[in-house]
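**Student:** One structure, as structure tokens, below. Some questions next.
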Amino acid sequence: MTLTKDPINLLIAGVGGQGNVRMAEIVGSALLQSDYLVSIGDVLGGAQRGGSVASHIRISKETRYGPYIPEGQADIIVGMEPVETLRVVTKYGNPGTMTITSTRPISSVDIFGRRVNYPDLDLVFSSIREMSSKVWIIDAMGEALKLGKPIYANMILIGALIGTGLLPFNIKSMEPILIEAFGNEADTKNMSVLRKGIDLVKQ
Amino acid sequence: MAKIEIDEPGKSELLLGNEAIARGSLEAGIGVATGYPGTPASEIIDTLASLSKKLNIYVEWGVNEKVAVEVAAGASFAGIPSLTAMKYNGLNVASDAVALLSPGNIGKGGLVMVVADDPGGISSDNEQDTRNIARMLEIPLLEPSDPQEAKEMTRWLFGLSAEQGCICMLRTVTRISHARGTVKLGALPRKQHRAYFDEVYNPAMPTLTKYNPNPASLMHLISIERMKTVREKFESSPFNWYSGPDKPGLLLITCGIGWIYSQEAIKLLKLEGRVGILKLGTISPLPEKLVKVHLAKALKILVVEEMDPFLERSLMEVAANLLPDAPRVTFYGKNSGHIDAYGELKPDKVIKALAEILGLTYEAREARYAKKAEELLNAYVFERGGAFCPGCPHRASFWVIKNALRLDGRNGFVTGDIGCYQQALMGTGFYQLRTCQSMGSAAGVASGLGKLGQFGFNQPVIAVCGDSTFYHSTIPALINGVYNQANFTLIVLDNNVTAMTGFQPNPGTGITATGEQTKPITIEAICQSLGLHVEVCDPFDLDNSTKTLLKQMDGGNAPRVVIMRRECELVRNRREKKKPYQIVIDPAKCKGQDCGCNRYCYAVFNCPGLIWDEKAGKAEIDEAICSGCGVCIDVCPHKAISRRA
């Protein structure tokens with residue numbers, strides 16, 4: 001597979017603790033196996049725990065890129081939390097950006113320690129749609145719970161990313177990476193979770 | 001098998017910058033590695049520690065950075081290549097040792113010091129550019145531009161250090177240390193090291209040893225001469241190169257992460273034919289001849305670097321020494337205001353500077369789209385503030401402190417310092433910290449406040465520190481307070497681990513960096529040896545801890561110590577993998593909006609595990625987030641929260 005453009009700029013956004021740094025590493029490792037030059041930068045918001053985290057992933061055949069995507073240069077955004085998806089779409093998105101977002105919201109306290117009122121989810125999704133050329137809205141957590149564990153939500157999203165066909169990798173290239181990361185036993189389950197994610201974007 | 005022990009030269013792996021640095025030291029045949037945890041440097045030692053037994057290297061966490069440097073120096077004196085790694089605040093602690101190691105000789109082993117800056121203070125409390133310290137102390141300094149180069153430079157510096165007999169330094173930053181990148185591996189040597197100290201007493205020359213910077217002026221001269229030799233070596237270093245047209249309209253000179261951002265900025269602005277890049281890796285001493293050749297290429301020079309205008313000033317020095325008839329060049333960068341001298345460098349800052357200098361317009365996005373994006377951001381996207389983890393003992397400790405100070409009623413307050421607990425500057429710790437500086441400064445500042453009685457000062461002073469900070473630098477401040485009879489209460493928030501930097505063990509944990517059992521040095525034994533009264537309590541027992549603290553608020557002319565002891569919840573959860581209790585709220589007992597408690601558990605105690613059911617108007621437990629600690633049970637005025645049997 002070849003790249004539709006070089007570099008491809010992928011953002012994975014979430015909340016500290018959701019596991020997006022690990023997700024970025026898994027996606028990056030799979031691409032590196034196909035001889036792409038990969039750079040990843042994890043950009044944290046103001047808070048260490050429970051704060052915003054965005055992993056900037058740069059994929060190129062030609063040269064090494066930096067750990068920061070310049071403003072407005074994201075090609076693909078994977079959001080693990082709706083407001084976090086919107087946060088990075090508004091900063092790094094452009095009219096061609098394609099976006100996958102999970103539906104489960106995570107509430108927060110603000111910097112003064114007060115609870116923040118979570119915005120209306122439908123408005124968040126319509127905003128993401130307005131800023132992207134194509135959007136896949138996925139109940140990753142709901143599907144993960146059906147499959148047995150909340151943590152599968154991340155693998156559902158990686159599956160969805162594979163399913164869009166936007167990146168030069170497939171489910172086969174994920175297998176050795178998942179075995180390395182989780183061992184043989186977890187792998188069988190993870191592969192079926194990945195397939196579920198692929199199905200969800202193809203529906 | 002860990003990625004950094006793969007012995008297949010030429011193979012590419014996705015490595016964290018810090019892993020690449022660790023790998024570079026392995027490719028150089030390192031024998032000893034030391035450090036003190038500090039973001040963004042910790043993973044260098046973490047990675048080496050996890051491989052120490054397999055690779056027959058010795059790795060330790062020092063009690064603080066000064067001792068860590070000295071341990072590494074001892075190894076180098078005995079011929080063992082050694083590495084020491086720390087964050088920039090750590091170099092401040094270590095600089096007394098480094099300042100006297102630098103002009104002397106470091107021995108045949110070689111000592112490479114890796115110092116990680118944190119521009120933007122992402123995991124730090126100030127901004128500081130350590131390159132200034134390297135220059136002040138006459139230490140050769142390299143600055144890598146990506147994880148691959150971080151590995152190559154680390155490896156190369158070991159050779160330079162052993163050859164020149166001096167400490168050599170690698171300056172990394174968050175976006176190098178914590179970036180992941182494709183790294184091509186080199187060969188792993190299997191060196192058998194043998195340690196021997198060769199400067200034993202010699203009756204013919206009894207006063208002479210090279211491991212000493214005396215006589216000061218002579219050794220300083222030797223150090224200056226050594227830097228000249230290093231400068232000459234740097235002239236032909238492969239870490240410096242030029243790319244671009246022969247006669248560029250603008251010459252961009254850059255180093256570190258600035259190089260990779262500059263390349264991208266030039267590409268986005270399509271300036272490949274107009275702008276040339278001189279990328280420098282050998283930053284101090286600067287290779288002057290090389291720089292002079294390139295300074296003659298253009299009349300406009302833009303300097304791109306992260307944090308201080310360090311390279312910029314050095315380049316200006318070189319420019320000042322150009323021949324009198326050389327054309328005058330104009331420097332753009334931090335001094336001209338085109339690039340900020342604070343905060344993180346980002347590709348967008350380089351794009352903006354280039355566009356301004358060359359009179360170009362660059363729109364990252366079409367104006368209407370950008371305007372809409374900003375509107376939506378302001379309408380729906382909120383800032384996520386910091387909070388102690390669910391089940392964190394510090395939340396309970398600061399609840400106790402807050403209540404004890406209020407019950408005491410004399411406007412007492414808390415001095416603080418560096419660790420997870422400094423989040424008590426914010427709402428999650430009820431804003432209890434009123435001062436916060438460096439490691440150990442809580443006790444130092446309290447020791448000062450505690451001597452102001454003769455000026456009418458009568459407010460209770462509580463100093464808080466973590467267990468690792470206690471060993472690192474609270475001990476001298478506490479001894480100062482004992483010796484000088486200062487009136488304050490020290491609370492040690494003992495969670496038995498250095499949590500903030502990634503759960504490293506410390507002298508109280510009873511485990512070494514490489515996982516061996518060692519005798520824990522208990523905090524109470526140290527305090528009791530100073531003749532101090534020590535109380536130990538469990539912060540989850542809110543009532544008893546509050547009473548204990550209230551009793552220790554006064555003590556005349558000696559500090560008091562209260563140890564709030566409870567294991568870090570994340571460590572407990574990793575080990576036990578389950579909640580200690582199922583916590584439930586009885587909706588019949590929770591009075592909700594009508595209670596008058598003002599949503600006490602949810603809005604005041606404010607644990608992320610507690611949520612508010614807006615429809616029912618009552619508190620609720622978020623099962624996915626609650627850790628099951630049960631502290632909130634004692635917070636509810638109506639006993640609506642309980643443990644389910």
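A short reminder: the numbers here are calculations on the coordinates, not readings from a lab. What you are looking at is a predicted structure, and each value in this text was computed from that prediction instead of being measured. FYI the Cβ positions are ideal-geometry reconstructions off the backbone, even for glycines, and counts take in every protein chain you see.
**Student:** Residue check: is residue A:181 aliphatic (A, V, I, L, M), part of a helix (DSSP H, G or I), in contact (Cβ under 8 Å) with a residue 40 or more places away in the chain and under 15 Å from residue A:101 (Cα atoms)?
**Tutor:** It is false that residue A:181 is aliphatic (A, V, I, L, M), part of a helix (DSSP H, G or I), in contact (Cβ under 8 Å) with a residue 40 or more places away in the chain and under 15 Å from residue A:101 (Cα atoms).
**Student:** Still on this structure: When residue B:573 is evaluated against the numbered criteria (1) within 14 Å of chain A (Cβ to nearest Cβ); (2) part of a helix (DSSP H, G or I); (3) touching a helix residue (DSSP H, G or I) at 6+ places or on another chain (Cβ under 6 Å), which criterion, by number, is the only one it fails?
**Tutor:** (3)
**Student:** Applying the selection to region A:57-77, what residues are closer than 30 Å to residue B:420 by Cα and in contact with a Leu (Cβ under 6 Å, 6 or more places away or on another chain)?
**Tutor:** Matches in region A:57-77: A:57 only.
**Student:** Moving on to the next point. What do you reckon, is residue B:10 within 25 Å of residue B:469 (Cβ to Cβ) and either within 14 Å of chain A (Cβ to nearest Cβ) or touching a residue at least 24 places away in the same chain (Cβ under 8 Å) (or both)?
**Tutor:** In short, no.
**Student:** The conditions are (1) more than 10 Å from every other protein chain (Cβ to nearest Cβ); (2) outside any loop (DSSP other than H, G, I, E, B), and residue A:53 fails exactly one of them. Which is it?
**Tutor:** (1)
**Student:** Okay, moving on. Does at least one position in region B:540-550 carry a residue that is under 25 Å from residue A:108 (Cα atoms) and not aliphatic (A, V, I, L, M)?
**Tutor:** yes
**Student:** Separate question: Residues to consider are B:563, B:583; find the one that is farther than 30 Å from residue B:461 by Cα and surrounded by 19 or more Cβ atoms within 10 Å (Cβ to Cβ).
**Tutor:** Residue meeting the stated conditions: B:583.
**Student:** A further question follows. Please report, ordered by residue number, the strands (runs of 3 or more DSSP E) entirely within region B:180-299 with at least 2 residues that are at negative phi and surrounded by fewer than 14 Cβ atoms within 10 Å (Cβ to Cβ).
**Tutor:** Hits in region B:180-299: B:241-243.
**Student:** Here is a check on your reading of the model: is residue B:493 touching a helix residue (DSSP H, G or I) at 6+ places or on another chain (Cβ under 8 Å) and more than 14 Å from residue B:470 (Cα to Cα)?
**Tutor:** no
**Student:** Then there is this: Can you name the number of the only condition in (1) of a type outside the set (Phe, Trp, Tyr); (2) in a helix (DSSP H, G or I); (3) farther than 30 Å from residue B:623 by Cβ that residue B:531 fails?
**Tutor:** In the conditions (1) of a type outside the set (Phe, Trp, Tyr); (2) in a helix (DSSP H, G or I); (3) farther than 30 Å from residue B:623 by Cβ, residue B:531 misses (2) alone.
**Student:** Being under 22 Å from residue B:149 (Cα atoms) and either in contact with a Leu (Cβ under 8 Å, 6 or more places away or on another chain) or among the aliphatic types (A, V, I, L, M) (or both) narrows it down to one residue among B:48, B:55, B:91, B:100; which is it?
**Tutor:** Just a single option satisfies the conditions, and that option is B:48.
**Student:** On to the next question. Across region A:31-50, which residue is surrounded by the fewest Cβ atoms within 10 Å (Cβ to Cβ) among those that are over 30 Å from residue B:389 (Cα atoms) and more than 7 Å from every other protein chain (Cβ to nearest Cβ)?
**Tutor:** By that ranking, first place goes to A:35.
**Student:** Continuing with this model, one more query. Just one of the numbered conditions (1) in contact (Cβ under 8 Å) with a residue 60 or more places away in the chain; (2) within 26 Å of residue B:56 (Cα to Cα); (3) of a type in the set (Lys, Arg) is not true of residue B:175; which one?
**Tutor:** Failing condition for residue B:175: (2).
**Student:** If I ask for residues that are buried (at least 24 other Cβ atoms within 10 Å of the Cβ) and touching a Phe, Trp or Tyr at 6+ places or on another chain (Cβ under 9 Å), which ones from region B:144-163 would you list?
**Tutor:** The answer is B:144, B:145, B:146, B:149, B:153.
**Student:** Select the strands (runs of 3 or more DSSP E) contained entirely in region B:603-645, then report the ones holding at least 1 residues which are more than 14 Å from every other protein chain (Cβ to nearest Cβ) and at negative phi.
**Tutor:** Those strands (runs of 3 or more DSSP E) span B:618-621, B:641-644.
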